[in-house]
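Read the structure below first, then the notes.
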């Protein structure tokens, strides 16, 4: 078996907790640069995952990077755990709890009544702790300095929203959604609809398009594979892509 990183390879990564998507790309790119001897070899990812999220991350090399837009446009699927009764500024565990709310009134029946309003075509305001651009700068840069920014709602599609577990005050859901959906923002909105508050305590991306989590490998497994496999390097590559 051999791989051809310059003409293009696609790797399915199970991104670990605490890593940025760029961390995963950097690790794979470093090995490919060493194996091919090409320092200009392009490596990129299709669809960013937050550092506190795990799961499917598609990494492309060489000419396969031209497929990134196509790959990240696919429907995404997540399993998310929400803690009801408390909010954080980032809507997840990146920041500390800033407010608490009653949650004892929430029942599985109430959840089943509320969730359908979040399926289909919906409008969602992105989190301020996000990479959305405001006046040419990322929103999270303003948020981390304590500055208020106004983000416009975006249209998106949530095709499936299913309760997997309810152990008060923790709610675990499965979400299938379009590109650009913020599950942290969905947690915020669900908390508000339940007349409480909510933030994410765990998030795992289980699918991007047709790529599922069982097709993915750990970073270490991929690195070991890249160090062991035969690597094809075209003799004539003027663009060194």
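The values are calculated or read from the model by the stated rules, or taken from the named source; none is laboratory data. Quick caveat: nothing in here was measured; it's all calculated off a predicted structure. For neighbour counting, all protein chains shown are included, and Cβ atoms are generated from backbone atoms with ideal geometry for every residue, glycine included.
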Item to check | Hits in region 211-221 - residues which are in a loop (DSSP other than H, G, I, E, B) and crowded, with 17+ Cβ neighbours inside 10 Å | outcome: 216
Checklist outcome for this item: Within region 195-210, residues touching a helix residue (DSSP H, G or I) at 6+ places or on another chain (Cβ under 8 Å) and assigned to a strand (DSSP E or B) come out as 198, 199, 200, 203, 204, 205, 206, 207, 208
Checklist entry - Among the residues of region 164-189, how many are outside any strand (DSSP E or B) and either in contact with a helix residue (DSSP H, G or I) (Cβ under 8 Å, 6 or more places away or on another chain) or free of Cβ contacts under 8 Å to residues at least 24 places away in the same chain (or both)? => result 3
Checklist entry - When the residues of region 146-165 are filtered to those that are surrounded by 13 or more Cβ atoms within 10 Å (Cβ to Cβ) and farther than 28 Å from residue 210 by Cα, which remaining residue is modelled with the highest pLDDT? => result 151
Checklist entry - Residue check, residue 192 against (1) crowded, with 19+ Cβ neighbours inside 10 Å; (2) part of a helix (DSSP H, G or I); (3) more than 16 Å from the chain's Cα centre (by Cα), all met but one. Which one? => result (1)
Item to check | region 6-42, residues that are part of a strand (DSSP E or B) and closer than 19 Å to residue 231 by Cβ | outcome: 9, 10, 11, 12, 13
Checklist outcome for this item: Counting only strands (runs of 3 or more DSSP E) entirely within region 47-132, those with at least 2 residues that are outside the structural domain of residue 27 (by TED's automatic domain parsing) and surrounded by fewer than 18 Cβ atoms within 10 Å (Cβ to Cβ) are 120-124
